[in-house]
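Laboratory data are not the source of any read-out in this text; all were calculated from the coordinates shown. What you see is a predicted model, and the numbers here were worked out from it, not measured in a lab. Every residue, glycine among them, receives a Cβ derived from its backbone with ideal geometry; neighbour counts consider all protein chains shown.
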């Protein structure tokens with residue numbers, strides 16, 4: 001109503017005042033926590049395990065890719081909830097983390113372990129890390145507040161090439177956690193994506209995307225025609241109905257893309 005416009009203007013001025021900025025900043029951070037940002041690093045609490053349990057725990061013969069397996073704790077937890085007939089492929093390019101992943105998953109018969117990573121094309125790239133800090137390894141070393149001092153040359157393959165060489169017709173669940181290289185991994189799966197042979201894609205989005213110069217819009221443009229995209233929550237999913245710039249939040253969170261039309265290839 002026109003008569004309320006001066007009041008609204010006055011309230012906006014008060015709300016934007018300097019004295020209230022700490023309140024709004026604190027509220028903004030708490031809102032992000034409520035939306036499950038900063039929760040992706042703890043897979044037990046983030047909803048990731050709960051999600052796989054709901055989607056795949058009763059799916060006999062499910063094929064699961066863990067791209068960026070790190071120390072193997074996540075894939076070990078996944079192996080417990082998937083049926084024994086599931087085939088789990090675990091990929092970790094950094095030698096010391098691959099060795100740790102093998103130790104963590106020792107004795108689990110349906111996990112196949114590979115000491116290479118995935119990208120947009122086959123290559124040999126430098127991966128950066130710090131001794132004694134296994135949590136963070138990255139193909140990008142332009143992180144101002146956490147310089148990675150050591151490097152190792154690692155093999156990079158493509159998901160399309162690997163699926164061809166292994167005779168894998170359909171991938172039920174693709175989980176990607178590769179510190180900013182997620183989009184490149186998907187670019188290396190363009191044939192499988194085009195043919196509708198990947199049912200679920202879980203990918204991390206956060207601070208590392210600044211280092212690789214990737215936006216959420218890039219994932220949206222690649223996936224939204226064939227997939228419905230959700231933000232993963234501890235107790236379920238929140239659908240991303242449309243792209244807005246408000247989605248460009250560079251704090252760690254996981255998303256899930258689910259194919260709209262179920263595929264029967266390889267069944």
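Only bridges with both residues in the chain count here: give the DSSP antiparallel percent, nearest 5.
Of the beta bridges lying entirely in the chain, close to 55 percent run antiparallel.
Neighbour counts of other Cβ atoms within 10 Å put 151, 158 in the fewest-to-most order 151, 158. The GNM of the chain, with springs linking C-alpha atoms under 10 angstrom apart, assigns the highest mean-square fluctuation among 157, 30, 190 to 30. Here the simple spin-label model places points 7 Å from the Cα toward Cβ, and for residue 13 and residue 244 these points are separated by 2.8 nm. Each Cα pair of the chain feeds into the Kirkwood radius, which the Stokes-Einstein equation turns, at 4 °C and 1.567 mPa s, into a diffusion coefficient of 65 µm²/s.
Roughly what % of Cα-Cα distances in segment 149-267 sit above 25 Å, to the whole percent? Here the long-distance tail beyond 25 Å is 24 percent of all Cα pairs in segment 149-267. When the chain is treated as a GNM, springs tying every alpha-carbon pair under 10 Å, which of 162, 205, 65 comes out with the largest mean-square fluctuation? Taking springs between Cα atoms under 10 Å, the residue moving most is 162. Working from Cα pairs under 8 Å separated by at least six residues, relative contact order for the chain is 18 percent. Counting neighbouring beta carbons within 10 Å and listing from fewest to most, the residues 103, 211 come out as 103, 211. When the helices of the chain are scored as -39500 (n - 2.57) per DSSP H run of n ≥ 4 and the total is divided over every residue, the value at 222 nm lands at -9000 deg cm²/dmol. Residue exposure proxy: 38, 24, ordered by other Cβ atoms within 10 angstrom of their Cβ from fewest to most, comes out as 24, 38. Considering only 163, 209, 97, the Gaussian network model of the chain with Cα springs below 10 Å gives its largest mean-square fluctuation to 163.
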